[in-house]
Amino acid sequence: MQTLFPKGQVSFRPVQDSDRAFLMALYASTREWEFRITRWTEEDKKDFLEQQFKAQDLSYRMEFLGAKFLVIELDGVPVGRLYLDRQDDCLYIIEFTIAESHRGRGIGTDILKSLLNEAWGGKVPARLSVAHGNPALSLYRRLGFRPTNQTATHLRMEWRPDLSPREI
């Protein structure tokens, strides 16, 4: 799937084994803030993040058997990941991360709007889970996602399509 954005050519492709280093670095970048308050060595941090990344990946693949695990590319260069599960009753956004170096350009907003358009066309809600304090939370709220539940670490959110009759 490819989409032309004013920011460049955005495309999506299935995750491959050769993406492991990129995906690990992307994952680690989302956890950096946690280590500002620790005295862990760089080796300890690396080992911990590697274990967490493997556990997350295994968990996603076991829980979401029909999911699409995609790398987001901008002009052929990996800039993010999008893991989607198109369920019968919803479009579940399992994981959506844009590399910090490419945030703030509207890429994530455009991709999310496209996904919401897909959910609207299918007359199903879009759902996701986001960590408390994640900067993307404001984007999700701006696009109409509303909290449905929360845990100690995450907020579950849902966007619902407007299915009311429309005048032509």
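Kindly check whether there is at least one residue in the range 102-124 that is within 15 Å of ILE72 (Cβ to Cβ), acidic (Asp, Glu), buried (at least 16 other Cβ atoms within 10 Å of the Cβ) and touching a residue at least 12 places away in the same chain (Cβ under 8 Å).
Looking through the range 102-124, none of the residues is within 15 Å of ILE72 (Cβ to Cβ), acidic (Asp, Glu), buried (at least 16 other Cβ atoms within 10 Å of the Cβ) and touching a residue at least 12 places away in the same chain (Cβ under 8 Å).
Return the total of residues in the range 148-168 being modelled with pLDDT of 95 or more and touching a helix residue (DSSP H, G or I) at 6+ places or on another chain (Cβ under 9 Å).
Result for the range 148-168: 4.
Check ARG81 against each of (1) among the basic types (Lys, Arg); (2) farther than 19 Å from GLY104 by Cβ; (3) under 16 Å from the mean Cα position of the chain (by Cα) and name the one condition it does not meet.
(2)
Using the structure shown, decide if LEU137 is crowded, with 18+ Cβ neighbours inside 10 Å, assigned to a helix (DSSP H, G or I) and free of Cβ contacts under 8 Å to residues at least 40 places away in the same chain.
It is false that LEU137 is crowded, with 18+ Cβ neighbours inside 10 Å, assigned to a helix (DSSP H, G or I) and free of Cβ contacts under 8 Å to residues at least 40 places away in the same chain.
Looking at the range 14-50 only, could you name the residues that are outside any helix (DSSP H, G or I), of a type outside the set (Phe, Trp, Tyr) and surrounded by 12 or more Cβ atoms within 10 Å (Cβ to Cβ)?
VAL15
Restricting to the range 51-92, give me the number of residues that are in contact (Cβ under 8 Å) with a residue 60 or more places away in the chain, among the charged types (D, E, K, R) and not in a loop (DSSP other than H, G, I, E, B).
Final tally of qualifying residues: 2.
The values are calculated or read from the model by the stated rules, or taken from the named source; none is laboratory data. Since the structure is predicted, the reported quantities are computational estimates derived from the model, not experimental observations. We place every Cβ from the backbone using ideal geometry, glycine too, and count neighbours over all the protein chains shown.
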